[in-house]
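First comes the structure, then the notes that go with it.
The values are calculated or read from the model by the stated rules, or taken from the named source; none is laboratory data. Since the model is a prediction, treat every value here as computed from it, not as a measurement. Neighbour counts run over all protein chains shown; Cβ positions are idealised from the backbone, glycine included. When the accessible area is computed, the model is the full protein with side chains, heavy atoms only, and any ligands, DNA or RNA have been set aside. Shrake-Rupley method; radii C 1.70, N 1.55, O 1.52, S 1.80 Å.
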Amino acid sequence: MSLTFLLSIGIVLTIIFHFLGVYAGAKRIVWIAIILIWAAVISVATSEVKPKAYDDIKRMQGKYKDTDQLIDEAMPKVSVYEMIVIKNSYLKHEPQ
């Protein structure tokens, strides 16, 4: 999944929740909830992965050129979103 796709889903859901808030007469409460949800999602996506994930990165490194490029760009601190992108790149090349 690309970041653009995920952001577009978030924007569509925000618009849907906004209109639900307008319909229910609770725009302020809905917008507070939307802001808190966006803040939580951004916080989780940009947080650093656990040390065990770095062991997985070392295991994946050196096998595929595009995966190695993503690893080099992400180091020294790898975020959760970057780890997902690296893992998807690696799994794309692995045989089923």
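The charge dipole of the chain, taken about its Cα centre with unit charges on the Cβ atoms of Lys, Arg (+1), Asp and Glu (-1) only, comes to about 280 debye.
Converting the Cα gyration tensor eigenvalues of the range 51-93 into ellipsoid dimensions via √(5λ) gives semi-axes, longest first, of 14, 10, 10 Å. In plain terms, if you count all Cα to Cα distances in the chain and split them into 10 Å steps from zero, the share in each step is 14, 35, 24, 16, 10, 1 percent. Semi-axes of the equivalent ellipsoid for the range 3-46, computed as √(5λ) from the eigenvalues of its C-alpha gyration tensor and ordered from largest down, come to 21, 13, 4 Å. Taking all protein chains together and a 1.4 Å probe, the residues TRP31, TRP38 rank TRP31, TRP38 from largest to smallest accessible area.
For GLU48, the amide hydrogen comes within under 5 Å of no other amide hydrogen, counting only partners 5 or more places away or on other chains and with H modelled in the peptide plane. With contacts taken as Cα pairs under 8 Å and at least 6 residues apart, the chain reaches a relative contact order of 23 percent. For the residues LYS58, LYS63, a 1.4 Å probe over the protein chains yields an accessible-area ranking, largest first, of LYS58, LYS63.
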